[in-house]
Structures are given as structure tokens and as C-alpha cells.
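Notes follow once the structure below has been shown.
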Amino acid sequence: MTDADIAEVDAILMAAHLVQSSYAKILARNFHLTPDCWWVLEQDGHTVGVVGATDFGPFAHIGLMAIHPSQQSGGVGSILLQHALDELERRGLDSITLYSTDAGLGFYPRHGFVWQGISTEWQLRKRKAHSRHYRISATKDIARIVAVDREVFGGNRSALLAALDGEVPGRTLIAEDARGAIQGFVVAQPKVLGPFMALSKQAAADLLDAALDLEFDGEPRVALPDAHADAESLMAGAGFVPVRTSRYFVRGKAPVQRRDLMYGQAAYSLG
Ligand SMILES: CC(C)(COP(=O)(O)OP(=O)(O)OC[C@H]1O[C@@H](n2cnc3c(N)ncnc32)[C@H](O)[C@@H]1OP(=O)(O)O)[C@@H](O)C(=O)NCCC(=O)NCCS
């Protein structure tokens, strides 16, 4: 894939996912994080499919896989995905994660992916009162966050966090304890809270509450990486309701992550 493919790929994503809103902005951002991990499939001079991954170091995350509806179920998705997996393996990436729609439930297991669990997406319905324990502030010090995040996420998100900070300046919040040690962070994107991780449920609740003081484009959403009890009860207690589920798949070695401390994905396409 190159920059010149973005408009055509955007049209495929919109048609395949049956949505009216453009993917162009997130597509361009994700593509530029690791441009050599994106591939398009062409047939008779036309682009018919796309798959892209983000290389986080120890593992890669596949996002935004789609085949144009006119070409689906004819085997082209399998050809494209297999090509991507072979290329990723050639780069030494034998640990691949992804979140899938229901259409992927039959598709990804045929390509060696193993279903690990459910991710639930929540949306704010009615904000509840909350008293904070930790000090919350906005930061531009991405390196400080990355040091904490690496242990929890199990990969290097510095390029992604820097890109997000450029897109939404002043909306990366950290929770610090009385000694100034980081207890968690959240990026308040215009519609989504994530990446979002915290070393305790209290720190997560404080970050969530502080983020809700900001302005959003519609009611904010949070996609929990795993439907673990702390995260689910936190969201329910803060006045969010579940709106959607997706499936978490891993191929090869599972990344070494603290998924119990992960509260919000950057996007399904980024983990
Ligand atoms: C999922 C997708 C990438 C697969 O590409 P494809 O070219 O259709 O894949 P293949 O022809 O190699 O394999 C087809 C298999 O995909 C699955 N599949 C495809 N479309 C499906 C749908 N609408 N519902 C359920 N499963 C579906 C099935 O397992 C199917 O096998 P079958 O036809 O024997 O039942 C493509 O269908 C697509 O873009 N779907 C819409 C967008 C999407 O959901 N993207 C991926 C999720 S992250």
C-alpha cells in the first residue's frame, strides 16, 4: 500500500463495514505508523482489498482488514491475509493479535488465529458522581508514559502516543500518586477514551472521571480490551452502558500483557 491508495482503500472499508463516515484520517495515521506492514490486493487494475498491521515490537496488531463486498467469499480475503501473515513472519513477527467483527469468526481461525475472549464497547449514558483519589493532569511527556505502558501493553506504543498527542493536544491525562509515580493514563480522543491503562481500579476510575470533564464529539465510548470484572464494573458504575462486542484473536505466541490493567483500546484497529 502507498499514500496513493488511501482514497480507494477508504471506499472499500466504508463499503465492507457498511458505514457512511470516512476512515481516511485513521487509515492514514495507522498506515504511517508502520507503512511497510500494509498491503492492498488488486484485480484487473482495481484495488479490491486491504489489510494492515501495526508493529509494536514483540507483536503486531492487524487492523482494518476488508474486501470489497462484490468480491467477498471468493477466497481473495484468504489470499491477502496469508500474504500479510507471511510478510509479518519474514519480519520476525510470530505473535499477531486482532479484534474481529462477527464476519471474522469463521474466517480468522482458518488462518491460525485462536479466539481468546470478548471485548465490549461501552458508551456514556449518564455520568455519575465520583470522588478522586489521585492527582490527574494533562501531560506531553510521552516517554514517561511509555515506560509504564510497556509493562502493561507488552509493546512499544511511543509512535502511536506521539501521533495521538499531535492529533488531540492536551488530552493525554496521567494519574499520579502522592510521590509523583504514574498510576495510569488515558488519551481522550474526540469520540473514544483510549489507550487507557491503570495500575488500580481507583486510578482507572479517577482517569475516567477526569476525562469526562473534557468536551467530546457525541457521548464518549470505551472499548475494553477484555471483559474483565474490574473494567466492566467500573464502566457500569461510571454511567456507561455496553453497546457492542468484538472478538479478540491471537496467532502464534500470546503477547506478554497485563490485560487486567488495560481499560481502553486506542481503536479496534490498534488494540
Ligand atoms: C471478513 C472478510 C475480510 C473475509 O474476506 P473474504 O474474501 O470474504 O474471505 P474468503 O473468501 O477467503 O473467506 C470467506 C469466509 O469469511 C467468512 N465470512 C465472510 N463474510 C462473512 C459474513 N458476512 N458473515 C460471516 N462470515 C463471513 C466466512 O467464514 C467465509 O467462509 P464461507 O464463505 O465458507 O462461509 C470480508 O468478508 C470482509 O471484508 N467483510 C466485511 C468487513 C469485516 O468484517 N472485516 C473483517 C473483520 S475485522
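The values are calculated or read from the model by the stated rules, or taken from the named source; none is laboratory data. All of these numbers come straight from a predicted model, not from anything done at the bench. Here Cβ is always computed from backbone atoms with ideal geometry, including for glycine, and neighbour counts include all displayed protein chains.
Table: residues versus (1) touching a residue at least 24 places away in the same chain (Cβ under 8 Å); (2) more than 25 Å from Glu121 (Cβ to Cβ).
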| position | (1), (2) |
| --- | --- |
| Asp5 | yes, yes |
| Leu13 | yes, no |
| His17 | yes, no |
| Tyr23 | yes, no |
| Leu41 | yes, yes |
| Ala66 | yes, no |
| Ser70 | no, yes |
| Glu87 | yes, yes |
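Taking the criterion of being among the acidic types (Asp, Glu) and under 15 Å from Phe240 (Cβ atoms), the residues of region 174-223 that qualify are Asp209, Glu219. Here region 86-128 is the region considered, the condition is being of a type in the set (A, V, I, L, M, F, W, C) and touching a His at 6+ places or on another chain (Cβ under 9 Å), and the residue that is nearest to Ala236 (Cα to Cα) is Leu98.
Would you confirm, using the coordinates I've provided, whether Val168 is out of contact with any Phe, Trp or Tyr (no Cβ under 6 Å at 6 or more places or on another chain), over 26 Å from Val40 (Cβ atoms) and within 16 Å of the ligand (Cβ to nearest atom)? No; evaluated as a whole, the condition is false for this residue. Among the conditions (1) part of a helix (DSSP H, G or I); (2) surrounded by 14 or more Cβ atoms within 10 Å (Cβ to Cβ), the only one that Gly106 does not satisfy is (2).
Cβ separations smaller than 7 Å between residues 6+ apart or across chains give no pair from region 99-118 residues that are under 19 Å from His83 (Cα atoms) to residues that are in a loop (DSSP other than H, G, I, E, B) and among the β-branched types (Val, Ile, Thr).
Given the options Asp213, Asp260, Asp206, Asp217, name the one that is within 16 Å of Gly155 (Cα to Cα) and either crowded, with 17+ Cβ neighbours inside 10 Å or at pLDDT 95 or above (or both). Show your work before the answer.
On the way: Asp213 fails: within 16 Å of Gly155 (Cα to Cα); Asp206 fails: within 16 Å of Gly155 (Cα to Cα); Asp217 fails: within 16 Å of Gly155 (Cα to Cα).
Among Asp213, Asp260, Asp206, Asp217, only Asp260 is within 16 Å of Gly155 (Cα to Cα) and either crowded, with 17+ Cβ neighbours inside 10 Å or at pLDDT 95 or above (or both).
Restricting the search to region 75-103, which residues are within 11 Å of the ligand (Cβ to nearest atom) and modelled with pLDDT of 95 or more?
Restricting attention to region 75-103, the residues satisfying the condition of being within 11 Å of the ligand (Cβ to nearest atom) are 75-82, 98-103.
Gly75, Val76, Gly77, Ser78, Ile79, Leu80, Leu81, Gln82, Leu98, Tyr99, Ser100, listed by residue number.
Can you work out which of the residues in region 28-72 that are at pLDDT 95 or above and assigned to a loop (DSSP other than H, G, I, E, B) is nearest to the ligand (Cβ to nearest atom)? Per the stated criteria, the residue is Gln72. Residue-level analysis places Ser22 outside the set of residues that are part of a helix (DSSP H, G or I) and touching a helix residue (DSSP H, G or I) at 6+ places or on another chain (Cβ under 9 Å).
Looking only at residues in region 145-192 that are in contact with an Asp or Glu (Cβ under 6 Å, 6 or more places away or on another chain) and of a type outside the set (A, V, I, L, M, F, W, C), the one that is nearest to Leu124 (Cα to Cα) is Lys191.
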